[in-house]
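The values are calculated or read from the model by the stated rules, or taken from the named source; none is laboratory data. Predicted model only: the values in this text are computed from it and were never measured. Cβ: placed from backbone, ideal geometry, glycine included. Neighbour counts: every protein chain shown.
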Amino acid sequence: MIDETGKNLGVLETWKAIQLAGEKNMELIEIVPSISPPVCKIMDYGKFIYREEKKERTQKAKQKGGEVKGIRFGVNTSPHDLETKTNQIEKFLKEDNKVKIDLFLRGREKALRDFAQQKFNQFLDIIKQRIEFKIEQEPKKTPWGLTILISRK
């Protein structure tokens, strides 16, 4: 058991530890329950919860990446626009995000699936020339076109 100043009080019986905490108008908090005997500390429970939440918030703020970003393009997208989209994909992958690439087909374009597949493969080749990536989800046909999920190697 540890008191409020951080001094080790040794192994105490539970009732004795609770009584000691009550005398100091604080709570007995189990810090490490997985070991035997568990490590407990006398402290203010409100402060303990506040510190734990603060740790979680700072860890969440430091955590970057892991999101799924989306890029959409059509069959008639110009080469310059594809270059811009490649730059975006490169930026997303550097931030450790996954990228979902959609080739969006409208109306009668859906009848030209083979042509769309060629266009999709050409775009993937452009990306491969600039960026190393691995395929998380194989290219698949969807009702609105083609889609693939990639991430950084």
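For (1) modelled with pLDDT of 85 or more; (2) in contact with a strand residue (DSSP E or B) (Cβ under 8 Å, 6 or more places away or on another chain); (3) aromatic (Phe, Trp, Tyr), each residue gets a yes or a no:
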position: Glu95; (1), (2), (3): yes, no, no
position: Phe104; (1), (2), (3): yes, yes, yes
position: Pro143; (1), (2), (3): yes, no, no
position: Thr147; (1), (2), (3): yes, yes, no
position: Lys153; (1), (2), (3): no, yes, no
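Listed residues Thr84, Thr58; which is part of a helix (DSSP H, G or I), farther than 24 Å from Ile150 by Cα and without any contact (Cβ under 8 Å) to a residue 40 or more places away in the chain?
Exactly one of Thr84, Thr58 is part of a helix (DSSP H, G or I), farther than 24 Å from Ile150 by Cα and without any contact (Cβ under 8 Å) to a residue 40 or more places away in the chain, namely Thr58.
For residues that are assigned to a loop (DSSP other than H, G, I, E, B), under 20 Å from Arg51 (Cα atoms) and either modelled with pLDDT under 85 or in the same structural domain as Gly46 (by TED's automatic domain parsing) (or both), tally how many sit in segment 7-32.
Within segment 7-32, residues that are assigned to a loop (DSSP other than H, G, I, E, B), under 20 Å from Arg51 (Cα atoms) and either modelled with pLDDT under 85 or in the same structural domain as Gly46 (by TED's automatic domain parsing) (or both) number 2.
Give me a count of the residues in segment 2-22 that are under 40 Å from the mean Cα position of the chain (by Cα), loosely packed, with under 12 Cβ neighbours inside 10 Å and closer than 16 Å to Val32 by Cβ.
Number satisfying all stated conditions: 2.
Restricting to segment 66-84, and then to whatever is touching a Lys or Arg at 6+ places or on another chain (Cβ under 9 Å) and of a type in the set (Gly, Ala, Ser), can you tell me which residue is farthest from Ile126 (Cα to Cα)?
If we take residues in segment 66-84 being touching a Lys or Arg at 6+ places or on another chain (Cβ under 9 Å) and of a type in the set (Gly, Ala, Ser), then Gly66 is farthest from Ile126 (Cα to Cα).
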